[in-house]
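What follows is a short report on a single structure.
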Amino acid sequence: MDVRYHLAGLRRWVGLVRRFGRPHRLLWFDGGIGDQLLCSAVAREIQRRHPRNLWFFTQAPELFAGNPDFRAVLPLDLGLVPWARLSRTRVQRLFYQTTSRARDATRLCTSRASPPCAGAQA
């Protein structure tokens, strides 16, 4: 990558930090618009548990205009992520976690701490 690219990212990062303050946590999700709207529920819960300076990178920042749970809602710019990490900001990419019920049941039933399961399949 070009040095000018990194310096431009640093300039953008410094400008945003001056405007919004250093974020404690930066969230981003690269799914569809409906999925990104679900991120507002995640932000509300984060703010309920630990009120902090929370930023959100999104492909549709206009959807989150006026959302009080985010200090800053910005267009998705992954070039800023390294600068966020260097400034000790917790960067989190949100994603869906998939599980297999059969695998989870087998894992739970084969652990030493759990009682034997009659219906578990290996």
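Yes/no matrix, rows are residues, columns are (1) modelled with pLDDT of 65 or more; (2) more than 15 Å from the chain's Cα centre (by Cα); (3) under 30 Å from Arg18 (Cβ atoms):
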residue: Leu63; (1), (2), (3): yes, yes, yes
residue: Gly66; (1), (2), (3): yes, yes, yes
residue: Asp69; (1), (2), (3): yes, no, yes
residue: Leu78; (1), (2), (3): yes, no, yes
residue: Leu94; (1), (2), (3): yes, no, yes
residue: Thr106; (1), (2), (3): no, yes, no
residue: Cys109; (1), (2), (3): no, yes, no
residue: Ala120; (1), (2), (3): no, yes, no
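When restricted to residues that are surrounded by 14 or more Cβ atoms within 10 Å (Cβ to Cβ), assigned to a loop (DSSP other than H, G, I, E, B) and over 13 Å from the mean Cα position of the chain (by Cα), the stretch 1-31 contains 1.
Residues of the stretch 32-61 that are part of a helix (DSSP H, G or I) and either touching a strand residue (DSSP E or B) at 6+ places or on another chain (Cβ under 8 Å) or within 22 Å of Arg19 (Cβ to Cβ) (or both): Gln36, Cys39, Ser40, Val42, Ala43, Ile46, Gln47, Pro61.
Selection of the stretch 27-70 for residues being touching a His at 6+ places or on another chain (Cβ under 8 Å) and among the charged types (D, E, K, R) yields only Arg52.
The values are calculated or read from the model by the stated rules, or taken from the named source; none is laboratory data. A quick note: this is a predicted structure, and the numbers were derived from the prediction, not measured. So basically every Cβ, Gly included, is an ideal-geometry build from the backbone, and we count neighbours across all protein chains shown.
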